[in-house]
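Only one structure is covered here, and it is reproduced in the block below.
The values are calculated or read from the model by the stated rules, or taken from the named source; none is laboratory data. The shown structure was predicted, so the numbers you read here are calculated from the model rather than taken from an experiment. With ideal geometry, Cβ positions are generated from the backbone for all residues, glycine too; neighbour counts draw on all protein chains shown. Accessible surface is based on the protein model in full, side chains and every heavy atom, while ligands, DNA and RNA are left aside. Shrake-Rupley method; radii C 1.70, N 1.55, O 1.52, S 1.80 Å.
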Amino acid sequence: MIKEEDWNGRYASAAGEKRRKRRRRRRRIRRFFTTLLVLALAAGWFYWQQNGLSTETIVVDSAPDGFAGYRIAVISDLHAKEFGENNERLLRFVEGLEPDLIAITGDILHEEAQLAMVPAVAEGLAAIAPTYYVTGNHEWAAGAVRELEPLLETCGVRVLSNEYVMLEQNGDRLALLGAEDSNGYADQKTVGELADEVRREQGDVYQLLLSHRNNRYEEYAAAGVDLTLSGHAHGGLIRLPGTDGLIGPQREWMPDYTAGLYDLSYGQMVVSRGLGNQLPAFRLFNRPDVPLVVLQ
């Protein structure tokens with residue numbers, strides 16, 4: 001026969017054990033949902049790092065007075081990435097910058113099969129402002145240049161293949177130069193030769209160069225161009241305080257000249273952090289970038 005006090009003790013012990021089990025179960029459920037929330041926030045932040053468009057206004061104060069306030073949106077290293085269907089989100093973003101000119105500084109794709117995405121983005125950009133293009137290393141590596149350049153021209157984008165055009169505004173002129181990437185033809189015109197051609201034919205005018213590779217800055221300075229717009233380095237992929245990114249275009253560590261405005265031994269260079277990547281590369285603290293260069 002079980003005494004009443006023993007029964008009460010056993011009942012209290014069993015009830016206490018049930019309460020402890022319920023508390024442990026609730027803790028496990030809370031930990032589970034907390035973990036899910038943290039993972040969801042981390043995934044969202046990572047997605048934003050790869051897809052959240054950003055810009056910075058870079059003021060260059062060396063241009064002719066007639067071009068004061070002239071706005072240039074720099075599109076670089078798209079690598080066939082699409083921001084929304086037919087890149088509609090990218091096009092709206094660029095339109096919101098109200099550019100007077102759009103400069104595409106190479107690596108719009110990295111595989112020949114990606115040519116199908118070009119018309120939508122090229123026609124969309126050309127509808128916003130006069131748009132100019134120079135090749136990057138990846139178009140040449142993909143063997144796509146012979147098809148890509150006439151396709152861009154058909155879509156309203158002016159291809160600058162080691163040539164220049166003259167721009168005029170408010171009584172002033174500047175020469176817009178476009179250099180094919182060094183992955184191109186072996187006997188092609190150099191940046192120095194192109195800059196000298198401008199000086200022979202146009203005199204001492206301000207020279208604005210579009211050229212894909214940021215790491216050829218010594219060549220740009222030696223050529224005597226006033227301002228170069230480039231990309232190529234993807235901002236160093238992972239940007240930490242006190243660095244110019246961690247990984248360079250040749251997978252070197254701690255690269256230089258990867259983002260923003262730089263004073264060279266002659267002239268200046270603006271480097272875009274770019275928009276896309278060639279997988280498996282990814283971005284951290286380095287969102288897709290459309291710098292807006294404002295001449296003063």
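Based on the Cβ-Cβ distance of Arg251 and Lys18, what FRET efficiency does E = 1/(1 + (r/R0)^6) give at R0 = 51 Å, to the nearest 0.05? Rounded to the nearest 0.05, the efficiency is 0.30.
Our estimate of slack between Ser54 and Arg27, defined as 0.36 nm per intervening residue step minus the Cα-Cα distance, is 5.7 nm.
The accessible surface of region 178-231, taken with every protein chain in place and a 1.4 Å probe, is 42 percent carbon and sulfur. Taking the Cα centre of the chain as origin and assigning +1 to Lys and Arg Cβ atoms and -1 to Asp and Glu Cβ atoms, the resulting dipole is close to 3940 debye.
Potential lengthening of the chain between Tyr47 and Phe282 amounts to 83.6 nm, from the contour at 0.36 nm per residue minus the alpha-carbon distance. Just round it to a whole percent: the fraction of Cα-Cα distances in the chain exceeding 27 Å. Of the Cα pairs, 46 percent sit more than 27 Å apart. The magnitude of the dipole of region 249-296, with charges of +1 and -1 set on the Cβ of Lys/Arg and Asp/Glu and taken from the Cα centre, is near 220 debye.
In region 1-136, a dipole from Cβ-located charges (positive for Lys and Arg, negative for Asp and Glu) runs towards its positive end, and of Thr131, Tyr70, Gly44 it is Gly44 whose Cα lies farthest in that direction. Of the residues Ala80, Val294, Thr190, the one whose Cα sits farthest towards the positive end of the charge dipole of the chain is Ala80 (charges of +1 on Lys and Arg Cβ, -1 on Asp and Glu Cβ, taken about the Cα centre). Once the Cβ-Cβ distance of Glu168 and Leu261 is raised to the sixth power relative to R0 = 25 Å, the FRET efficiency obtained is 0.50.
Helix 145-154 and the longest principal axis of the C-alpha atoms of the chain enclose an angle of approximately 80°. Here Lys18 is the anchor, and the aspartates and glutamates within straight C-alpha reach of less than 19 Å, apart from those fewer than 8 places off in the same chain, are Asp6. To the nearest 0.05, how large is the calculated FRET efficiency for Leu37 and Glu88 if R₀ is 41 Å and r is the Cβ-Cβ distance? Given R0 = 41 Å and the Cβ-Cβ separation, E is 0.85.
Annotation: peptides 215-228, 48-61, ranked by per-residue average of other Cβ atoms within 10 Å with the highest first, follow the order 215-228, 48-61.
Were the residues from Thr243 through Glu218 laid out at 0.36 nm apart, the gain over their Cα-Cα distance would be 6.9 nm.
Taking Ala142, Ala73, Ala175 as the candidate residues, the one with maximal mean-square fluctuation in a Gaussian network model of the chain, Cα springs under 10 Å, is Ala142. Modelled spin labels at Thr190 and Glu111, positioned 7 Å past Cα toward Cβ, are 3.7 nm from each other. Region 125-149 and region 30-82 have Cα centres separated by 22 Å. Region 30-164: percent of C-alpha pairs farther apart than 27 Å? When every Cα pair of region 30-164 is considered, 31 percent fall beyond 27 Å.
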